[in-house]
Structure formats: C-alpha cells, structure tokens
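The values are calculated or read from the model by the stated rules, or taken from the named source; none is laboratory data. What you see is a predicted model; the values in this text were computed from it and never measured. Methodologically, a virtual Cβ is constructed for each residue, glycine included, from the backbone with ideal geometry; neighbour enumeration extends over all protein chains shown. Protein only, heavy atoms only, side chains kept; ligands, DNA and RNA dropped before computing areas. Shrake-Rupley method; radii C 1.70, N 1.55, O 1.52, S 1.80 Å.
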Amino acid sequence: MIRIDLKNNKVSLEEKDSVQEFNLDSPEAFDLISQAWLRCGWDTKYVYSFTWLGRPIIQLPEDLMRIQEVIFNIQPDVIIETGIAHGGSLIFYASLCKALNKGKVIGIEVEMRSQNKLAIENHCLSSYISIIEGSSIDPSIINQTKKCIGKNDKVLVLLDSCHTKQHVLKELEAYGPLISKGSYIVAMDGIMHQVVGAPRSQKDWEWNNPMQAAIEFVKSNSEYIIEEPAFLFNEGKIQKRITYWPSAFIKKI
C-alpha cells in the first residue's frame, strides 16, 4: 500500500512486515507515486486524450518527449514505425523531420482504416510519410520496407503494432538488422507486464509482452544491448523515465 501525506511531505510504502517512508522531494517518493499514476492512467485510458497537429496520438506524453530527444540526438534519415492507428505518431515524427530538415517516415499497418489513411494523405506533412499496408512480419512487406532505405541511411525503428512477445520478437529479428550502429529499435508498450489484473489486461501479459521479447532478443544477438538513452538535459533529481516503454530501447553496438 502506498500512502501519500502531503501535509507532512511524506510517502510511505507499506508491505507485509515493513514500512518504508520517504520524503516527498525524494526520487523514491516520485517513483512510487509515478507507478500509481501510470496504473491509474492505464485504467482511465489517459493516453487516449491527445492529438498531434490534428491527429489522435495514443502515447504517453513523456514517451513522446523522450523519443524526440533520441531523434534529435541520432538525426535519422529514416524512421520506421510498425502500427499506425490514427496516424498521430507518424505526424509527430514527420514534424520532427521537418524541424530538423532531414529524414522521412515509413509507417506499416496491417489494417489501415480508410478514414485514417485519407487524413494522413491530406495532412500538410504527408510529403514526409510513406504508408505500407500489410503485416509487419510478412517477408514481402519487410522487403518492400528495405527498398525504401538507402545504403548509407541512418535508420531508427519503432515497434507499435501487435504487442505479443512472439510478434515483437519476429519484428526485432526482421527490422533489427536495418538499424544503424548507435541507433535504436524500440519495443514499445512493455508496460503490459506492470498492469496485469487491471481493466483491459490479460493474465498472460506477465510474460507475453514486448519487454520480454526485447530481453530475449538481446540475449541471442550480441551486437544489440538494452540501453536507456541518456537525458540530454537534467538539473533535477529524477534519473528514470516515467514510461509505457520499460526496457524498450535496443541499441545496435
């Protein structure tokens, strides 16, 4: 049980036989409150309330800020995203490409809804975006994606389609070789293992999730590591991301 005492500036964690108490201004207190906030946000569908330049974007705002930092630091020529949904993420990445005056975005979607496709195609940033329709693990779709990448292009890949361990593992095996040294392939939404028992969750999410796929992938592929990107600026006490993407950033070394 987590108790928050704003009057006395304390946060406590009560377990079976122990109580740990932290000052409200400590990283430990922030972490406890954040974990509760993440769970509450999951239950209330908090991330289903944002748009980016007119398109719904179903992502945690901090994750967007952090991936923006990664994109600015890496300066990719190609950003590949599996899973498009409403297209807000594609528009977000395209806006960064425009701001950086560099890069393009490739979106892969197995079931592209006509209204979403039309909205993306009619968006002012559509010239930065290509859409490939089909399963992200279909060999023909993988080959089609490869043809969009130049020999010397710096590539970043974001996996946000089907989040089962098996599917994400197949995506990692297919798209991992496409990323550049020093860049990342990101296995998004590993938070699934943290919300088992919550509304909209499944019992097998404890093991059947993108984070477990990422862990298994790096164990079998020595040229990749799971590595948290460094904060580009930090004058505060917090050193960890508040995220839906734990252990998600797989770096090619």
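Might you let me know whether the range 69-87 holds any residue that is more than 19 Å from the chain's Cα centre (by Cα), open to solvent by 20 Å² or more (accessible area, probe 1.4 Å) and more than 23 Å from residue 232 (Cα to Cα)?
No, the range 69-87 has no match at all.
Answer with yes or no whether residue 225 is in contact with a strand residue (DSSP E or B) (Cβ under 7 Å, 6 or more places away or on another chain), within 18 Å of residue 106 (Cβ to Cβ), at pLDDT 95 or above and not charged (D, E, K, R).
no
Filter the range 203-253 down to the residues that are without any contact (Cβ under 8 Å) to a residue 60 or more places away in the chain, part of a loop (DSSP other than H, G, I, E, B) and more than 26 Å from residue 25 (Cα to Cα) and list them by number.
207, 208, 209, 221, 222, 223, 227
Tally the residues that are under 28 Å from residue 72 (Cβ atoms), surrounded by 13 or more Cβ atoms within 10 Å (Cβ to Cβ) and not aliphatic (A, V, I, L, M), restricting the search to the range 210-231.
8
Hey, does the range 176-195 have a residue that's of a type in the set (Phe, Trp, Tyr) and either out of contact with any strand residue (DSSP E or B) (no Cβ under 7 Å at 6 or more places or on another chain) or not in a strand (DSSP E or B) (or both)?
Within the range 176-195 (the criterion being of a type in the set (Phe, Trp, Tyr) and either out of contact with any strand residue (DSSP E or B) (no Cβ under 7 Å at 6 or more places or on another chain) or not in a strand (DSSP E or B) (or both)), the answer is no, since none of the residues qualifies.
Does residue 94 qualify as being in contact with a helix residue (DSSP H, G or I) (Cβ under 8 Å, 6 or more places away or on another chain) and open to solvent by 50 Å² or more (accessible area, probe 1.4 Å)?
No.
Return the pair list, or none, for Cβ contacts closer than 7 Å from residues in the range 117-136 that are closer than 28 Å to residue 167 by Cα and open to solvent by 30 Å² or more (accessible area, probe 1.4 Å) to residues that are in a helix (DSSP H, G or I) and among the small types (Gly, Ala, Ser), at least 6 apart or on different chains.
Going by the 7 Å Cβ cut-off, the qualifying pairs are 128/94.
If I filter the range 5-41 down to residues being surrounded by 13 or more Cβ atoms within 10 Å (Cβ to Cβ) and of a type in the set (Val, Ile, Thr), which single residue comes out as farthest from residue 243 (Cα to Cα)?
Among residues in the range 5-41 that are surrounded by 13 or more Cβ atoms within 10 Å (Cβ to Cβ) and of a type in the set (Val, Ile, Thr), the one farthest from residue 243 (Cα to Cα) is 11.
All but one of (1) more than 21 Å from residue 221 (Cα to Cα); (2) without any contact (Cβ under 8 Å) to a residue 12 or more places away in the chain hold for residue 177; state the number of the condition that does not hold.
Exception for residue 177: condition (1).
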